[in-house]
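Some notes on the structure that comes next.
The values are calculated or read from the model by the stated rules, or taken from the named source; none is laboratory data. These numbers were taken from a predicted model, which means no experiment stands behind them. Glycine gets a Cβ as well: all are built from the backbone with ideal geometry, and neighbour counts include every protein chain shown. Heads up: the accessible areas ignore ligands, DNA and RNA and are worked out on the full protein's heavy atoms, side chains in. Shrake-Rupley method; radii C 1.70, N 1.55, O 1.52, S 1.80 Å.
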2 protein chains.
Amino acid sequence: MLFQYNWQVREEWLQWCRGISASELTKERAGGMGSFRLTLLHIIDVEYSWVRAYMGKLDIEIDLASYYTIDEIEDLSNKLQQEYREYLSEWTHDIENQMVYASWLNQSFTKGEIIRHIIVHEIHHIGQLSIWAREMEMKPVSANFIDRGLADK
Amino acid sequence: MLFQYNWQVREEWLQWCRGISASELTKERAGGMGSFRLTLLHIIDVEYSWVRAYMGKLDIEIDLASYYTIDEIEDLSNKLQQEYREYLSEWTHDIENQMVYASWLNQSFTKGEIIRHIIVHEIHHIGQLSIWAREMEMKPVSANFIDRGLADK
């Protein structure tokens with residue numbers, strides 16, 4: 001359910017970014033990954049690496065330089081989600097303590113840890129975007145979990 | 001487990017704030033609740049309101065003006081957590097769909113929704129603090145969920 005929340009909020013931020021110029025999208029800012037563009041790509045990239053590890057697959061690096069426009073970033077996000085949307089929806093509590101190896105850290109974690117790590121990671125970076133929005137005197141996307149129709153999903 | 005994460009990160013931010021001056025703590029900034037002090041108090045206040053509703057208790061407003069120093073904010077946070085730490089640890093999946101009334105919104109939600117709303121709310125605001133830290137050229141608290149010893153709690 002928190003994945004659905006994150007993906008809904010991410011989609012709203014992608015739409016939000018259509019209301020700013022390409023130079024604002026890529027402008028260097030303090031914190032996060034340094035810009036709206038790089039922070040959004042970082043969210044997508046990190047989710048992909050962890051989900052691949054979670055699925056027992058090898059890590060695939062994403063070439064961030066290939067994704068400049070919101071259309072490109074959104075397509076990437078949708079394409080990757082399709083790869084694992086169904087797989088993740090099969091989560092049950094018995095797999096909580098199954099171990100997973102993260103090659104880029106040369107370390108193992110439980111599946112429960114990884115799922116929570118991915119969830120927290122995106123919410124944290126989205127909070128950062130909201131500050132940049134306010135600094136541009138624009139209204140950020142709502143971060144509320146309630147009132148998104150996610151109660152019974 | 002995500003509550004434990006949030007409380008651990010909150011405590012680290014409270015300690016982090018001991019490394020900045022009182023004027024930096026209360027300085028007005030764009031976004032969040034407008035300052036480190038008010039954003040930290042807002043996290044505590046919102047958690048308290050929702051947890052009270054979750055417990056079927058009446059909302060108690062916190063007088064934010066009474067808490068100025070980090071010691072005062074930390075004492076408040078610890079005192080309130082003691083009120084419901086044990087209660088929240090008794091979460092089971094059968095209560096997911098129990099309804100709860102939030103008086104200040106005059107609206108009802110499931111307990112599952114409320115729990116996730118509280119969790120997301122804190123992570124989001126903590127992400128905001130990390131931008132302000134970077135703007136002050138200081139290293140923020142790590143937001144990582146992994147490597148906190150939370151796997152088997």
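Overview of results
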{"quantity": "The stretch B:17-81 - percent relative contact order, Cα under 8 Å, separation 6 or more", "calculated": "25 percent"}
{"quantity": "For the pair B and A, total buried accessible area rounded to nearest 100 Å², probe 1.4 Å", "calculated": "3100 Å²"}
{"quantity": "Spatially proximal lysines relative to residue A:27 (Cα-Cα < 19 Å; intrachain offsets below 8 disregarded)", "calculated": "A:139"}
{"quantity": "Unit Cα scatterers, Debye sum, the protein assembly as shown: log10 I(q)/I(0) for q = 0.10, 0.11, 0.13, 0.14 Å⁻¹", "calculated": "-0.57, -0.70, -1.00, -1.17"}
{"quantity": "Cβ neighbours within 10 Å from other chains - mean over B:108-121", "calculated": "5"}
{"quantity": "Length-normalised contact order of chain B in % [C-alpha pairs under 8 Å, at least 6 apart]", "calculated": "30 percent"}
{"quantity": "Under 14 Å from the Cα of residue A:79 - aspartates and glutamates, other chains or at least 8 residues apart", "calculated": "A:11, A:45, A:47, A:71"}
{"quantity": "Residues residue A:15 and residue A:57, FRET efficiency given R0 of 30 Å [Cβ-Cβ distance, rounded to 0.05]", "calculated": "0.50"}
{"quantity": "Simple spin-label estimate for residue A:7 and residue B:103 in nanometres, 7 Å along Cα-Cβ", "calculated": "3.9 nm"}
{"quantity": "Whole-Hz couplings from phi, Karplus 6.51/-1.76/1.60, listed for the stretch B:6-18; x for Gly and Pro", "calculated": "4, 6, 5, 5, 4, 4, 5, 5, 4, 5, 4, 5, 5"}
{"quantity": "At R0 = 41 Å, FRET efficiency that the Cβ-Cβ distance of residue A:93 and residue A:22 yields, to 0.05", "calculated": "0.35"}
{"quantity": "Within the stretch B:20-90, GluC sites (Glu not before Pro) in DSSP loop having at most 15 other beta-carbon neighbours inside 10 Å", "calculated": "B:28, B:61, B:90"}
{"quantity": "Low-density loop cleavage sites - chymotrypsin sites (Phe, Trp or Tyr not before Pro) in the stretch B:50-149, where at most 15 other Cβ are within 10 Å (DSSP)", "calculated": "B:68, B:91, B:104"}
